[in-house]
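Encoded as structure tokens, the structure appears first; notes follow it.
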Amino acid sequence: MAWRGCSTLRLLLIRACLLCPLAAEAGLYSSADQVVLLTPDTVASVLRNNSAALLVEFYASWCGHCVAFSPVWKALARDTREWKPAVDLVAIDCAFEENSRVCRDFGIAGYPSLKVNLSVVSASMSAGFPRDVLGLRHLIIRKIEEHHDSWPPACPPLEAASKAEIDSTVQTNSMEYLALVFETEDSYVGREVTLDLLQFSNITVRRVLKSERELVSELEVTDFPSCYLRRRDSNFTRLHVLNEARTFYSYALQRLPGVVRSGKSKPVTSDLLQNGTQVQWRPFDRSGVYMSDLESALHYSLRVEVAARSVIAGPALDALRSYISVLAKNFPGRPMVKRKLQSLDAWMKSWEEGELPYSSLRAALDQSNQTAALPRGVRWVGCQGSRPHFRGYPCSVWTLFHLLTVQALETGSSGPLEVLWTMRRYMHNFFGCRYCATHFEQMAEENMDSVTMLSEAVIWLWARHNQVNNRLAGDLSEDPHFPKIQWPPPDQCRECHGVKGGGEHAWNQAQVLAFLRSHYSAQHLNMTYLEKEVEVLEVLEQPQEHGKRSPGRNGRETPDPAPPEQEEEEVQKPALPRLRRSTPLSGRIRQVDLQPGDLDPGRGARHWMTVLLGSGFSGLDVSLCVLFYLLSTMCLLGMYLCFKLRCRLRRTKVALP
């Protein structure tokens with residue numbers, strides 16, 4: 001019992017150490033919130049040598065009002081992320097002693113305080129500043145327009161255009177598109193859309209007021225706001241959107257053919273991806289969910305990601321058990337795959353040791369029969385990327401867990417947090433991208449525990465996925481063929497989108513939930529491109545040798561990673577009979593299978609160690625055996641030396657006169 005208590009404490013300490021980077025992150029914000037974090041060392045570079053319009057929040061992390069305001073600040077950062085590099089949001093925690101001098105230099109006496117900084121000009125907005133995203137967004141625009149002398153160089157013109165300016169732009173503009181937003185003088189829609197398109201090329205957006213009667217009459221504009229679009233060498237036509245509001249205009253304009261983010265090349269459609277293996281592109285329906293992606297996610301997570309650990313123990317073993325259990329209960333796969341997951345779950349529950357060698361898990365995974373098998377290899381369809389490093393496995397992981405949350409809701413077989421906790425623990429222990437895993441942990445720490453219903457779990461994961469899409473839009477990891485958007489888009493779910501006061505976009509969460517339940521239902525899964533069950537069994541029956549080529553992470557032909565204990569090339573040997581031995585375990589006799597390869601003396605000490613750990617011996621057993629062996633050797637050596645010395649003394653006595 002003492003050893004068990006010590007082991008439990010040791011595992012808790014290990015887990016605390018793994019989570020310590022998250023705990024050490026100070027303040028109310030992190031880099032994942034798309035907020036520039038100010039320190040005394042970065043004041044000069046961020047505030048004084050920056051050409052962007054900066055909105056700076058001075059706060060104290062112990063201030064309750066600052067804590068309550070932080071979600072608004074984070075939401076504003078996400079809402080205005082497309083306004084970079086013209087606008088940046090900055091924050092500094094004045095509660096830290098090292099930051100106090102910076103806060104004093106700016107005359108901060110109360111929290112939270114906001115200041116807008118353009119070049120050297122600083123204007124305080126502490127008294128009565130807006131506490132909502134809409135008001136703060138409008139405040140940023142007003143402050144920019146007030147400082148004509150320090151206009152951010154990257155900021156496009158926000159003033160209203162006249163007919164003469166529009167005519168000149170039409171004649172000289174080399175852009176593919178020209179968009180005009182007609183609105184009243186007190187409207188901010190045109191200026192917001194202009195900033196939303198700041199990072200995109202091949203399009204120009206200008207604001208036109210209702211008072212510009214000649215142009216309004218020429219284009220027969222009757223609604224304000226409304227958007228009219230002109231393509232090069234064509235006439236203006238009205239842009240039809242679901243709602244006449246900023247979000248819908250920006251989404252439609254950013255999705256126009258030929259409109260791309262600055263610095264990114266225009267997507268080129270090709271039937272054959274030149275990625276080194278000539279993988280054929282698989283046409284697919286973007287509104288579908290493909291079983292091939294889901295089975296590929298299972299293969300890659302269990303045979304590649306988990307395989308990074310030669311021995312799985314402690315919290316990682318608990319996370320693996322939870323992952324397989326949730327899959328066995330909620331994965332709506334083919335009968336062959338479902339039975340395999342259920343048998344694997346039963347096998348995991350029967351494993352009573354504190355450590356699980358991956359070789360044992362791999363053997364259980366690859367063991368198959370006519371009714372239960374897990375396909376080997378990946379075949380991306382809906383998660384295909386236009387390049388080998390795009391989409392693939394990360395896309396399939398999101399798809400898999402969205403599916404599991406919906407299936408848990410439909411079947412009622414899991415608790416409200418079971419699937420989310422399983423995803424959180426899997427990401428923390430096994431997901432290879434540690435930066436991604438850290439960000440997911442931060443999102444989960446914020447409010448995942450507030451989920452109390454299965455339907456809330458579905459919505460929580462959907463909202464966090466959109467939050468990640470917002471953060472990664474325009475990132476190097478974004479596939480230009482599949483830009484990261486707020487999903488589902490209006491053309492896929494019109495009822496999911498609405499408008500609230502002030503023309504702000506609002507999600508209709510009841511409709512979003514209905515859409516997700518339909519989209520990830522078992523009846524909606526597309527079985528195209530799946531391997532036939534006979535083919536799956538044939539592949540699994542073939543011995544998997546190190547170096548054998550099989551589809552890799554994003555559909556490429558890459559060597560299938562052998563278990564860590566079997567990295568040396570194996571030679572085919574005649575089949576030997578399976579041996580069984582009895583081992584005492586917890587006061588009873590346990591039968592353990594020994595594979596023919598386990599008897600091969602050429603595998604080395606590392607292989608024998610794995611065999612011992614997988615055959616019922618724990619790490620403590622092996623350690624004690626080694627210790628007793630060393631003690632017995634020292635004892636025998638001592639006896640030999642003592643006997644030899646006594647013999648010498650006796651011979652000496654006999655030789656004396």
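Details
- Any hit, the stretch 109-129, residues being surrounded by fewer than 19 Cβ atoms within 10 Å (Cβ to Cβ), out of contact with any Gly (no Cβ under 9 Å at 6 or more places or on another chain), farther than 12 Å from LEU55 by Cβ and modelled with pLDDT of 90 or more: no
- Restricted to helices (runs of 4 or more DSSP H) entirely inside the stretch 399-493, those with at least 3 residues that are open to solvent by 10 Å² or more (accessible area, probe 1.4 Å) and without any contact (Cβ under 8 Å) to a residue 12 or more places away in the chain are 434-447.
- In summary, GLU355 fulfils each of the numbered conditions (1) of a type outside the set (Phe, Trp, Tyr); (2) farther than 30 Å from SER31 by Cβ; (3) surrounded by fewer than 20 Cβ atoms within 10 Å (Cβ to Cβ); (4) free of Cβ contacts under 8 Å to residues at least 60 places away in the same chain with the single exception of condition (4).
- Checking each residue of the stretch 187-199 against the condition of being at pLDDT 90 or above and assigned to a strand (DSSP E or B) gives no match.
- Residues located in the stretch 496-516, provided they are within 18 Å of SER455 (Cα to Cα) and not polar (S, T, N, Q): CYS496, TRP507, ALA510, VAL512, LEU513, ALA514, PHE515, LEU516
- Members of the stretch 158-200 that are open to solvent by 30 Å² or more (accessible area, probe 1.4 Å) and under 36 Å from the mean Cα position of the chain (by Cα): MET175, GLU176, TYR188, LEU198, GLN199
- Only one entry of VAL306, VAL289 meets the criterion of being β-branched (Val, Ile, Thr), closer than 24 Å to PRO489 by Cα, crowded, with 17+ Cβ neighbours inside 10 Å and at pLDDT 90 or above, and that entry is VAL289.
- Of all residues in the stretch 367-421, those satisfying the criterion of being among the small types (Gly, Ala, Ser) and either within 29 Å of LEU513 (Cα to Cα) or under 16 Å from the mean Cα position of the chain (by Cα) (or both) are GLY382, GLY385, GLY392, SER396, ALA408, GLY412, SER413, SER414, GLY415.
- Being open to solvent by less than 10 Å² (accessible area, probe 1.4 Å), farther than 20 Å from GLY107 by Cβ and among the small types (Gly, Ala, Ser) holds for only one residue in ALA68, ALA91, ALA77, ALA60, and it is ALA77.
- Given (1) outside any loop (DSSP other than H, G, I, E, B); (2) in contact (Cβ under 8 Å) with a residue 12 or more places away in the chain; (3) closer than 27 Å to ASN526 by Cβ, index of the condition LYS338 fails: (2)
Condition check ((1) hydroxyl-bearing (Ser, Thr, Tyr); (2) more than 18 Å from ILE140 (Cα to Cα); (3) modelled with pLDDT of 90 or more) across all residues:
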site: ALA26; (1), (2), (3): no, yes, no
site: ALA44; (1), (2), (3): no, yes, no
site: LEU54; (1), (2), (3): no, no, no
site: LEU76; (1), (2), (3): no, no, yes
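- A residue that is within 30 Å of ALA473 (Cβ to Cβ) and open to solvent by less than 20 Å² (accessible area, probe 1.4 Å) occurs somewhere in the stretch 363-379.
- For the stretch 496-537, filtered to residues that are without any contact (Cβ under 8 Å) to a residue 40 or more places away in the chain and outside any helix (DSSP H, G or I), the residue that is most open to solvent (accessible area, probe 1.4 Å) is LYS532.
- Within the stretch 55-71, being assigned to a strand (DSSP E or B) and in contact with a Pro (Cβ under 8 Å, 6 or more places away or on another chain) holds for GLU57, PHE58, TYR59.
- Which listed residue, of ARG230, ARG282, is at pLDDT 90 or above, assigned to a strand (DSSP E or B) and open to solvent by 20 Å² or more (accessible area, probe 1.4 Å): ARG230
The values are calculated or read from the model by the stated rules, or taken from the named source; none is laboratory data. Treat the numbers as computed from the prediction; the structure is a model and nothing was measured. In this analysis, Cβ positions are derived from the backbone assuming ideal geometry, glycine residues included, and neighbour counts consider all displayed protein chains. Side chains included, ligands, DNA and RNA excluded: accessible areas come from the protein's heavy atoms. Shrake-Rupley method; radii C 1.70, N 1.55, O 1.52, S 1.80 Å.
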